[in-house]
Amino acid sequence: MLKVGLTGGIGAGKSEVSRLLVECGAVLIDADRIAREVVAPGTPGLAAVVDAFGPEVLAADGSLDRPKLGSIVFADPEKLAVLNSIVHPLVGARSRELEEAAAEDAVVVHDVPLLTENGLAPLYDLVIVVDAAPETQLDRLVRLRGMTAEDARARMAAQATREKRLKIADIVIDNDVPLERLRQRVKDVWAELVQRAAHTPHPGHGAAEPQE
């Protein structure tokens with residue numbers, strides 16, 4: 001089994017690369033998706049969040065009101081730490097379950113947006129960074145996600161610098177290219193990953209605990 005950490009700055013196109021890797025045969029473990037699952041209605045995770053922050057973080061339908069919770073925790077580092085202490089272990093446990101269910105020769109790709117910021121690179125056999133120029137990121141965020149330029153720049157500035165991401169990369173995928181060139185690059189990377197996976201022992205357990 002080969003454990004791969006996949007990351008990239010907002011707007012770099014990481015989601016497209018993860019989709020192409022799945023097409024090739026990768027087992028994808030998406031930290032963001034799992035983080036949503038572990039606080040879905042009826043879960044112990046959601047109950048713990050409500051215990052910590054009160055029923056006002058619930059939407060009318062009983063789901064987590066993410067904007068409301070965000071307004072509480074991102075203005076207060078201590079409250080953010082409390083939230084992380086609830087969610088991170090749940091994400092880690094679910095990640096381990098998914099990883100252990102994969103075949104021994106699988107390429108398991110952990111899609112972790114803040115891998116660089118949280119210092120998670122050592123938890124993987126190798127790290128892939130999806131890279132794009134800042135002006136490309138800005139254009140995609142404004143044109144495709146409908147952000148204002150000001151909001152997009154603020155989101156980009158809140159993440160690790162491009163230089164810091166590239167410093168931890170074992171493989172860099174340039175996404176300042178047309179889709180067909182990106183597709184071919186991913187296929188080439190996939191061939192390398194499969195070769196490495198065949199020579200990497202199954203870890204048994206102990207997946208990373210990726211989380212934003």
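The values are calculated or read from the model by the stated rules, or taken from the named source; none is laboratory data. Remember, predicted model here, so these are calculated numbers, not experimental data. Note: ideal-geometry Cβ built from the backbone for every residue, glycine included; neighbour counts use all protein chains shown.
What the table shows:
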| quantity | calculated |
| --- | --- |
| Number of the exception - ALA101 against (1) closer than 26 Å to GLU16 by Cβ; (2) of a type in the set (A, V, I, L, M, F, W, C); (3) in contact with a helix residue (DSSP H, G or I) (Cβ under 9 Å, 6 or more places away or on another chain); (4) modelled with pLDDT under 95 | (3) |
| Flag for GLU192 being free of Cβ contacts under 8 Å to residues at least 12 places away in the same chain, of a type in the set (Asp, Glu) and either over 23 Å from ARG36 (Cβ atoms) or in a loop (DSSP other than H, G, I, E, B) (or both) | no |
| Selected residue (only one of ALA52, ALA35, ALA47 is surrounded by 14 or more Cβ atoms within 10 Å (Cβ to Cβ), over 25 Å from ASN175 (Cβ atoms) and small (Gly, Ala, Ser)) | ALA52 |
| In the stretch 1-13, the residues that are in contact with an Asp or Glu (Cβ under 7 Å, 6 or more places away or on another chain) and either under 26 Å from ILE86 (Cβ atoms) or without any contact (Cβ under 8 Å) to a residue 12 or more places away in the chain (or both) | LYS3, LEU6 |
| Any chance VAL177 is in contact (Cβ under 8 Å) with a residue 12 or more places away in the chain and either on the phi < 0 side of the Ramachandran plot or of a type in the set (Val, Ile, Thr) (or both) | no |
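Conditions tested, residue by residue: (1) modelled with pLDDT under 95; (2) over 30 Å from THR200 (Cα atoms); (3) of a type in the set (D, E, K, R).
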site: ALA35; (1), (2), (3): yes, no, no
site: ALA47; (1), (2), (3): no, yes, no
site: LEU64; (1), (2), (3): no, yes, no
site: PRO67; (1), (2), (3): yes, yes, no
site: ALA93; (1), (2), (3): yes, no, no
